[in-house]
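Worksheet: the structure to be examined is printed underneath.
The values are calculated or read from the model by the stated rules, or taken from the named source; none is laboratory data. Computed from a prediction, not measured in an experiment: that's the story for all the values here. Counting neighbours? That spans all protein chains shown, and the Cβs are built from the backbone with ideal geometry, glycine included.
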Amino acid sequence: MDRLRLGINIDHVATLRNARGGATPDPVRAALMAEAAGADGITAHLREDRRHIRDADMGAINEAIGIPLNFEMAATEEMARIALATRPHAVCLVPEKREERTTEGGLEVAGDANRLTRYIAPLADAGARVSLFVAADPRQIDASARVGAAVVELHTGAYCHAVDEGRHEDAAAELERIIAAAAQAADLGLEVHAGHGLSYDSVTPIAAIPQVAELNIGHFMIGEAVFRGLEGAIAEMRRLMDIARDAG
Ligand code: PXP
């Protein structure tokens, strides 16, 4: 199997910075450290409310790093303008609600297909690989291929919650859905990514899915970095991913 890529989401370095309103800890420094520690990409989410990453961070991260930037954003006109000006390697479209603590569900692609087709075209024309963050739902996967996305990122949140809470049957059922969705997406010619809520406890079965090419992991990595440093936290995740991949 191909080596699985690891994207590190550095949003929560900015969360910590913003808690005090100053300039530290600097998400650009975190992105560079993640790169040095072996990350294959950096993910950052410019939310409508700018609660963590801010406009200036996006450009600064993109300028500084030598690995691809995955610009996560809601499918709004404002974000399209910023993404087109930033010119990241990839754009990941996510649903966004102001009141949520994190991206809770997948994007509604099937019910918004005409608008998304028009939305994606200029981003793709500008050279961005457009990814849609979707639930492991056959309808959404099918629609993702039709609207012109290059990639789907499968939402692993429900699976990870079940693992974290020791609900083994639910975790197994969620995992089956993700495995089926990965196969469906690959058959439709989509590149398959996965992410949300992943930790050392939940990563192995997801990393073992042969069609999955990339994982994007944020909150757990930044939390773990408090104890091990970012380099140690990333090295352990890389080790677990490689073992899962080799076993597959
Ligand atoms: N992928 C996507 C599309 C996300 O929205 C998020 C959360 O910002 C992540 C991955 C990372 O999730 P977590 O921070 O739970 O690892």
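For the reader, a short list of remarks on this structure follows.
- The listed residue being touching a strand residue (DSSP E or B) at 6+ places or on another chain (Cβ under 6 Å), assigned to a loop (DSSP other than H, G, I, E, B) and modelled with pLDDT of 95 or more, out of Ala75, Ala83, Ala182: Ala75
- Listed by first and then second residue, the pairs linking a residue in the range 174-196 that is buried (at least 23 other Cβ atoms within 10 Å of the Cβ) to a residue that is of a type in the set (Lys, Arg), with Cβ atoms under 9 Å apart and 6 or more places separating them unless they lie on different chains, are His193/Arg5.
- Residue count, the range 5-44 (criterion: out of contact with any Lys or Arg (no Cβ under 9 Å at 6 or more places or on another chain) and either surrounded by fewer than 18 Cβ atoms within 10 Å (Cβ to Cβ) or not in a strand (DSSP E or B) (or both)): 18
- Identity of the residue in the range 175-208, within 15 Å of the ligand (Cβ to nearest atom) and of a type in the set (D, E, K, R), that ends up nearest to Ile234 (Cα to Cα): Asp201
- Residues of the range 45-66 that are in a loop (DSSP other than H, G, I, E, B) and within 16 Å of the ligand (Cβ to nearest atom): Leu46, Arg47, Glu48, Asp49, Arg50, Arg51, His52, Ile53, Arg54.
- Failed item in (1) over 17 Å from Asn70 (Cα atoms); (2) in a helix (DSSP H, G or I); (3) not acidic (Asp, Glu), with Ala136 passing the rest: (2)
Per-residue answers, yes or no, for (1) buried (at least 18 other Cβ atoms within 10 Å of the Cβ); (2) of a type outside the set (A, V, I, L, M); (3) touching a Ser or Thr at 6+ places or on another chain (Cβ under 7 Å):
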site	(1), (2), (3)
Thr76	no, yes, no
Thr86	yes, yes, no
Glu108	no, yes, no
Thr117	no, yes, no
Ile120	yes, no, no
Gly127	no, yes, no
Val134	yes, no, yes
Arg146	no, yes, no
Thr156	yes, yes, no
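- A Cβ distance below 8 Å, combined with a sequence gap of six or more or placement on separate chains, defines the contacts here; from the range 210-237, residues that are farther than 17 Å from Asp40 by Cβ and of a type outside the set (A, V, I, L, M, F, W, C) reach residues that are modelled with pLDDT under 95 and away from the ligand (no atom under 12 Å from the Cβ) in the pairs Pro210/Met1; Pro210/Gly248.
- The residues of the range 31-73 that are over 20 Å from His196 (Cβ atoms) and polar (S, T, N, Q) amount to a single one, Asn62.
- Residue list for the range 114-166, restricted to those being within 16 Å of the ligand (Cβ to nearest atom) and among the basic types (Lys, Arg): Arg129
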